[in-house]
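To keep things clear, I will list the structure first and then write my remarks on it.
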Amino acid sequence: MVNSVVSPPFADLVGQTQAIELLTRAVVQNRLAPAYLFAGPEGVGRSLAAYGLIELLFDNPASTPLKGLQQRIRQHNHPDLFWVEPTYLHQGKRLTAAEAAEAGLKRKGSPIIRLDQIREITRFLGRPPLEAARSVVVIEQAETMPDAAANALLKTLEEPGQATLILIAPGVESLLPTLVSRCQRIPFYRLSAEAIAQVLAQTEYAEILQHPEVLALAQGSPGEAIAHWQQLQAISQDLLNLVRQLPTSLRGALDLARTIAKELDTEAQLWLIDYLQQHYWQEQGQPAHLNSLEQARRYLLQYVQPRLVWEVTLMQLGNV
């Protein structure tokens with residue numbers, strides 16, 4: 001959600017007034033906490049808030065122009081900014097989720113924040129800031145840290161030096177209590193329908209507003225709405241037309257199951273279950289359909305053969 005024109009800090013952040021007020025006041029009054037926990041659902045602006053806070057902390061009228069500063073921060077290309085994302089380990093090399101997808105790697109597990117990444121943070125903070133008054137470390141999806149990494153981070157949180165750390169996570173319950181106790185919590189909330197419409201219009205995704213299933217899946221998160229929309233676009237229109245209608249014959253159910261298993265990987269099939277639950281509920285309001293799809297989800301997560309899972313599920317849904 002990066003604009004090509006120069007905008008003031010927090011200009012892109014919609015519907016998070018409390019977070020903006022808390023962070024702006026901390027900078028203006030020079031009362032920054034050593035560490036912050038940006039707690040709330042995905043896609044509601046936590047990373048945008050981190051960018052805004054960093055822009056406030058790094059802005060120096062005597063040095064880099066604001067436009068250049070914003071670009072460097074958004075591209076994670078500032079010497080006093082260290083931005084950490086969860087990674088996979090592939091052939092001894094760390095890859096973010098985006099890098100793994102670009103490389104065409106299919107992973108069964110989820111990426112995590114690794115112990116060696118925490119050690120890199122320690123080394124980064126072992127030197128003084130080069131351009132700004134303080135260094136900033138941002139840890140996305142901090143809830144993915146295993147205990148060893150979380151315990152290693154504790155030492156840094158106790159004595160961060162000339163630095164501010166920002167942990168981004170769903171909530172306090174997703175992190176070790178000892179980590180939470182060392183952070184000032186900044187709450188982020190799901191957006192209203194009006195705020196979501198504003199964000200989607202600003203990001204040229206207003207078309208999503210015409211798809212109630214996608215908005216229902218997003219549950220007040222414009223970022224999630226965009227992610228669901230992109231997943232929907234990745235599925236062929238022919239397949240979508242087929243799955244939106246209940247099969248009327250055994251042959252139809254078996255053929256559709258074969259097509260789903262052939263065209264979609266497991267992650268896309270799990271997403272399709274979420275989509276169909278919303279679609280069938282809005283179209284027919286049948287709790288039995290939701291239960292059948294939920295059972296299919298459990299089987300897929302247990303690595304049951306996908307084609308078999310869909311054959312059974314579609315026969316149940318179509319009562320054939």
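The values are calculated or read from the model by the stated rules, or taken from the named source; none is laboratory data. Nothing here was measured: the structure is a model prediction, and the numbers come from that model. As a convention, Cβ positions derive from the backbone with ideal geometry for all residues, glycine included, and neighbour counts pool all protein chains shown.
General observations
Per-residue answers, yes or no, for (1) modelled with pLDDT of 95 or more; (2) assigned to a helix (DSSP H, G or I); (3) more than 20 Å from Gln141 (Cα to Cα):
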residue	(1), (2), (3)
Glu21	yes, yes, yes
Pro41	yes, no, no
Ser63	no, no, yes
Leu69	no, yes, yes
Tyr88	no, no, no
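- Complete set of residues in the stretch 212-243 that are surrounded by fewer than 16 Cβ atoms within 10 Å (Cβ to Cβ) and part of a loop (DSSP other than H, G, I, E, B): Gln219, Ala234, Ser236
- Of the residues Ala150, Ala195, the single one that is closer than 26 Å to Leu13 by Cα and small (Gly, Ala, Ser) is Ala195.
- Any chance Ala100 is outside any strand (DSSP E or B), among the small types (Gly, Ala, Ser), at pLDDT below 90 and touching a strand residue (DSSP E or B) at 6+ places or on another chain (Cβ under 8 Å): yes
- Test: residue in the stretch 139-152 that is of a type in the set (S, T, N, Q), without any contact (Cβ under 8 Å) to a residue 60 or more places away in the chain and farther than 26 Å from Gly223 by Cα: yes
- Any chance Ser110 is within 30 Å of Ala33 (Cβ to Cβ), of a type in the set (Ser, Thr, Tyr), in the same structural domain as Ala33 (by TED's automatic domain parsing) and out of contact with any Asp or Glu (no Cβ under 9 Å at 6 or more places or on another chain): yes
- Residues being assigned to a helix (DSSP H, G or I) and among the hydrophobic types (A, V, I, L, M, F, W, C) - total across the stretch 130-176: 9
- Any chance Thr164 is more than 21 Å from the chain's Cα centre (by Cα), in the same structural domain as Asp80 (by TED's automatic domain parsing) and surrounded by fewer than 17 Cβ atoms within 10 Å (Cβ to Cβ): no
- Among the conditions (1) farther than 18 Å from Phe10 by Cβ; (2) surrounded by 13 or more Cβ atoms within 10 Å (Cβ to Cβ), Glu102 misses just one, which is (2).
- Applying the set (1) in contact with a Lys or Arg (Cβ under 9 Å, 6 or more places away or on another chain); (2) modelled with pLDDT of 90 or more; (3) more than 21 Å from Leu215 (Cα to Cα) to Thr266 leaves exactly one unmet item: (2).
- Residues located in the stretch 248-271, provided they are free of Cβ contacts under 8 Å to residues at least 40 places away in the same chain and within 20 Å of Asn319 (Cα to Cα): Arg251, Asp255, Thr259
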